[in-house]
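See structure below.
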Amino acid sequence: MSYVEFIRTRTVISMGTFWFSVALAVALATVFLAVATSFDARPVTGHAVVLKVKNGASLASILPASRIISLTRVFHFSQDRELSHFFRLETPADPIFLESLAQNKNLEYFEREKALKASEIITSDPQFTTDSADLGRQWWLAKVQVTRAWEIATGTKDVTVAVLDTGINGKHEDLSDGRVGGGYASYCQVPASMAGQCLVHIASTVSAGENTDDNGHGTIIAGIIGAIPNNTKGIAGINWNVRLVPVKVLDSAGNGTSADVAAGIVWAADNGAQIINLSLGGAILEGPGVLSEAISYAYRKSVLVIAAAGNDSTLVGADLDTAAVYPVCSDGEKNHVLGVAAVDIKDRKAGFSNFGSKCIDLVAPGTTYFNSRDDQRGIISTYYDPKQPGKNNLYVFASGSSMAAPMVSGVAALLKSKYPDLGAVGLRSRLTASAADISAQNLDACAGQNCAGRLGAGRLDALGALQTVTFLSNSIIRDSAGQRYVIVDGLRRSISEFVFKQRGFVGEDIKEVSVSELELLPASDPFPPVEGTLLKSVSNPTVFVVRDETLLPLSFLAFRAHGYTFANVTTFSDKELGSYNFGSDLVPADGALLKLVGNPAVYYLKEGKRRLLSAFVFHALGLKFTDVVDVSNIEFERYREDSLVPLHPPPEGSLIKGEASATVYVIENGVRRPLSAQSFAARAYQFAQVNVLPESEMVGYQEGAPIL
């Protein structure tokens, strides 16, 4: 078992607000039904939490059996070792117990559960049209140039899109040709009377072609991405061929938890999904927690995660820069999530759609027009109405950012079918680089202000994305001005002479390209030196190290702690160095020794936090004063005191006692555990091994359970 690394409260997620009208297959109804749900977060008072445990500790020592109602692994299906440390815990209502967990030295933090709402939301198909102004039919296909993109690609069943939602009705006439594959379900089917707890939790695979949707929202999303075309029925999806995987993480009311959505993301990434659609979300006040962990996991597997911006219940749209919504804002600005806001037929931001410079990367149609809940026309798609269980062939007009996200997912799937070697970064970059500029239409659409920089790169353009010239990865090209580029994940990245040689490229590999060919290739950041390269500029003494294609500045403490030498530092021109991406200071390696200038106290760094060293521990660890680095007050304050372990413990197995006490302790897992006379003798300890310490030092080491 292992020690708890951090504890997080589960976060409730749902679909959010969307507005729709239901219709039969051919005769579309005109009555709109307003769904009175909100995208905003609602605090939950129950005690359901998510824990991540460290290697080497007993979970039982942190969670007594009396405190456990239910304890299960969040990612029980995954073989990933890191993900095996996540647990879902339901515990009796006891704020004092949760507070005690917060004070435990092995816990980083925990967060209260918050409620989220799911985002509201040429063929023979009756509702297909090539007229981008035809309000009554699928005008958006022509608007985002899907119909022209079909001349290049129509999709393939080799591309898998996972729809994390309320499920998909695989029996719908426009989805029933086998394109709806087997999937997964992770949600609370029967909640307990106490909010935050669950009586019946479902966690299982689901069969292909079945109806897993008991709400209707997920079937809407699936139809936009890949409803069957050319079947004389209903609508045409963006992909003529695609594999749709239902991952049911929301219940019949459209609600779910962050832990279930996280489980769905990891399951999808582990089971062949190349694209994940998340038309769901809500606010998480303490941070996205386990949801971000899962998104980062998918990103590392090169899965493109696409999330809806969410809809503001006041119908003016919220600024996500000041009121973040998750999962669209779950990437910490690292571009792990492609955030999608909604626009109308005139390319104007939909009144209800959220916006923001940090979380939104692209926009797509999410409504035809939306003047009010009673005066609107949505996006038509497939639908399932749980109130009419015998009718599998319904269609719906729905408005919301939920509809915009699957349009981007659908085009991403088309792009993947044409260029299968593109990963998440390449897909994302092509989608954003080819976007249509709609700034002129949105001079006052973001809460009455200019939307410049707050609607991402622009409006989705399928043709622009698919028209791009493609070279094999690692191809070297050169333009007429002599600038060399390397192709990585479908993007062109300029490469300097130093990096060209360092990475082992040769002149014979270069292909000459015209200006027109070059312009069709989306540009990305310059290709950096190899991982671990040390570099500085001509005019600045600061040394940087390349980590994950980012230049991290090194303090002298970090430089020494990581064992770097000045002989390995390469000097670059100011221009070249300035072209790369910069990150925050590299954290010194564990074990770095520092002291404040003019102060004799020595500190030991652990995970970026400082711990005071006693003279006894300093010598017991075999440390040397020549390895201690003097730092300024500014740098000293950068390394916060470890509030859980302010005094670094003696080495494992050390025997210690206080000057005024007869009790002998042994250091195990960083805590002092009192030894009974029997255990002292049984372990064959000798009193000569016992180190006598001042009582003031003894109290600085956390006391653990006695060894009897």
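Residues are listed down the side, and each one gets a yes or a no for (1) in contact with a helix residue (DSSP H, G or I) (Cβ under 7 Å, 6 or more places away or on another chain); (2) open to solvent by 70 Å² or more (accessible area, probe 1.4 Å); (3) closer than 28 Å to Tyr564 by Cα; (4) not in a strand (DSSP E or B):
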{"position": "Arg610", "(1), (2), (3), (4)": "no, no, yes, no"}
{"position": "Val617", "(1), (2), (3), (4)": "no, no, yes, yes"}
{"position": "Gly622", "(1), (2), (3), (4)": "no, no, yes, yes"}
{"position": "Ala662", "(1), (2), (3), (4)": "no, yes, no, yes"}
{"position": "Ile667", "(1), (2), (3), (4)": "no, no, no, no"}
{"position": "Gln678", "(1), (2), (3), (4)": "no, yes, no, yes"}
{"position": "Gly700", "(1), (2), (3), (4)": "no, no, no, yes"}
Residues of region 587-608 classified as out of contact with any Lys or Arg (no Cβ under 7 Å at 6 or more places or on another chain) and in a loop (DSSP other than H, G, I, E, B), total
11
What number of residues within region 557-573 satisfy the criterion of being more than 33 Å from the chain's Cα centre (by Cα), surrounded by 11 or more Cβ atoms within 10 Å (Cβ to Cβ), not in a strand (DSSP E or B) and not polar (S, T, N, Q)?
1
Going through Gly234, Gly223 one at a time, which residue ends up being modelled with pLDDT of 90 or more, buried (at least 23 other Cβ atoms within 10 Å of the Cβ), in contact with a strand residue (DSSP E or B) (Cβ under 6 Å, 6 or more places away or on another chain) and more than 16 Å from Val163 (Cα to Cα)?
Gly234
Select, from Phe97, Phe77, the only residue that is part of a loop (DSSP other than H, G, I, E, B), at pLDDT 70 or above and not small (Gly, Ala, Ser).
Phe77
Out of Val411, Val340, I need the residue that is under 19 Å from His217 (Cα atoms), of a type in the set (Val, Ile, Thr), at pLDDT 90 or above and open to solvent by less than 10 Å² (accessible area, probe 1.4 Å). Which one?
Val340
What is the one condition in (1) surrounded by fewer than 23 Cβ atoms within 10 Å (Cβ to Cβ); (2) within 29 Å of the chain's Cα centre (by Cα); (3) within 28 Å of Asp385 (Cβ to Cβ) that Leu135 does not satisfy?
(2)
(1) more than 25 Å from the chain's Cα centre (by Cα); (2) closer than 17 Å to Leu244 by Cβ; (3) among the aliphatic types (A, V, I, L, M): which one isn't true of Val411, the others all being true?
(1)
If Val538 meets every condition in (1) open to solvent by 80 Å² or more (accessible area, probe 1.4 Å); (2) in contact with a Leu (Cβ under 6 Å, 6 or more places away or on another chain) apart from one, which number is that one?
(2)
Of a type in the set (A, V, I, L, M) and surrounded by fewer than 19 Cβ atoms within 10 Å (Cβ to Cβ) - does that describe any residue in region 417-428?
yes
Hey, Asn106 hits all of (1) open to solvent by 20 Å² or more (accessible area, probe 1.4 Å); (2) modelled with pLDDT of 65 or more but one; which does it fall short on?
(2)
Out of region 169-179, which residues are over 11 Å from Ala227 (Cβ atoms) and surrounded by 24 or more Cβ atoms within 10 Å (Cβ to Cβ)?
Asn169, Gly170
Note down all Cβ pairs under 7 Å where the first residue falls in region 626-641 and is of a type in the set (S, T, N, Q), the second is open to solvent by 30 Å² or more (accessible area, probe 1.4 Å), and they're at least six residues apart or on different chains.
Ser632/Val597; Asn633/Leu596
If you go through region 207-218 one residue at a time, do you hit one that is open to solvent by 20 Å² or more (accessible area, probe 1.4 Å), within 20 Å of Ser258 (Cβ to Cβ) and assigned to a loop (DSSP other than H, G, I, E, B)?
yes
Helices (runs of 4 or more DSSP H) wholly inside region 455-524 containing at least 2 residues that are open to solvent by less than 40 Å² (accessible area, probe 1.4 Å) and within 23 Å of Pro420 (Cα to Cα)
462-467
Pairs, please: C-beta under 6 Å, at least 6 apart or cross-chain, first residue under 10 Å from Gly223 (Cα atoms) and in region 235-250, second in a strand (DSSP E or B) and open to solvent by 10 Å² or more (accessible area, probe 1.4 Å)?
Asn239/Gly155
In a loop (DSSP other than H, G, I, E, B), at pLDDT 85 or above and over 21 Å from Ala405 (Cβ atoms), is that true of Ile152?
yes
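The values are calculated or read from the model by the stated rules, or taken from the named source; none is laboratory data. The shown structure was predicted, so the numbers you read here are calculated from the model rather than taken from an experiment. Cβ sites come from the backbone with ideal geometry, for glycine too, and all protein chains shown count toward neighbours. All accessible areas refer to the heavy atoms of the entire protein, side chains included, with ligands and DNA or RNA removed. Shrake-Rupley method; radii C 1.70, N 1.55, O 1.52, S 1.80 Å.
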